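Nothing in this text is a laboratory measurement; each read-out follows from the coordinates by a stated rule. Everything numeric in this text was worked out from a predicted model, so none of it was measured. For neighbour counting, all protein chains shown are included, and Cβ atoms are generated from backbone atoms with ideal geometry for every residue, glycine included.
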Amino acid sequence: MSYINAQNNNWDIETDLDFTIVKNLEGAIQHLTNGSADYFLWEKFTTKPLVDNHTFRRLGDCPSPWPCFVIAVREEFLKVHTNHLKTILNIINTTTSLFKDIPSIDITIANRYNQQLDDVKQWLNLTHWSQDNIEKDTIEHVQNQLLALDIIPEEWEYSDLVTTL
């Protein structure tokens, strides 16, 4: 996402990006507060309590040009553990398809993750979990972005990247 942010701001990727590895949210708090990092890209609702308490200052949004989560496995794993993967996907798909219908899920999330209830409601309103394979157009768009940023060396065929179980 740093590369996308740099592109969005017309930065020179070769000279304007100098990464500090912060590893996780706790590392970001440490590095940003002691001045050893300049900015941190993370999901806005997760970091909102840190913005609200003035640990972080939100500078803006940098939406990703691709889905936030996908299930990815090595080909070797797929060949050997197809049934396990089907079970895992079934659990994920069933859970996410019913997740928003859980009574008081917004209150549960707000309490568990120290979030404001209105923020959780907004997140739930914006969030969608697909139970389908990623679409070919999305794969092509992602690859075009990554190619343009010189992050991947070549484009692959959709059928080489996506499998239907």
**Report entry** Length gained when the stretch Leu98-Asn9 is fully extended (0.36 nm per residue, less Cα-Cα span)
**Finding:** 28.2 nm
Query raised in the report: Which of the lysines could be linked to Lys136 by a straight reach, that is with a Cα gap under 22 Å, when you skip same-chain ones fewer than 8 residues away?
Result: Lys86
Report summary line: the chain -> Rg/Rh from Cα coords, Kirkwood Rh, value 0.99
Query raised in the report: Relative contact order for region 1-123: what is it in percent, counting Cα pairs under 8 Å that are at least 6 residues apart?
Result: 21 percent
Requested in this report: May I ask you to derive the FRET efficiency for Asn125 and Val70 from their Cβ-Cβ distance with R0 = 22 Å, giving the value to the nearest 0.05?
Outcome: 0.50
Query raised in the report: Out of region 1-81, which trypsin sites (Lys or Arg not before Pro) are coil in DSSP terms and have no more than 14 other C-beta atoms within 10 Å?
Result: Lys23, Arg57, Arg58, Arg74
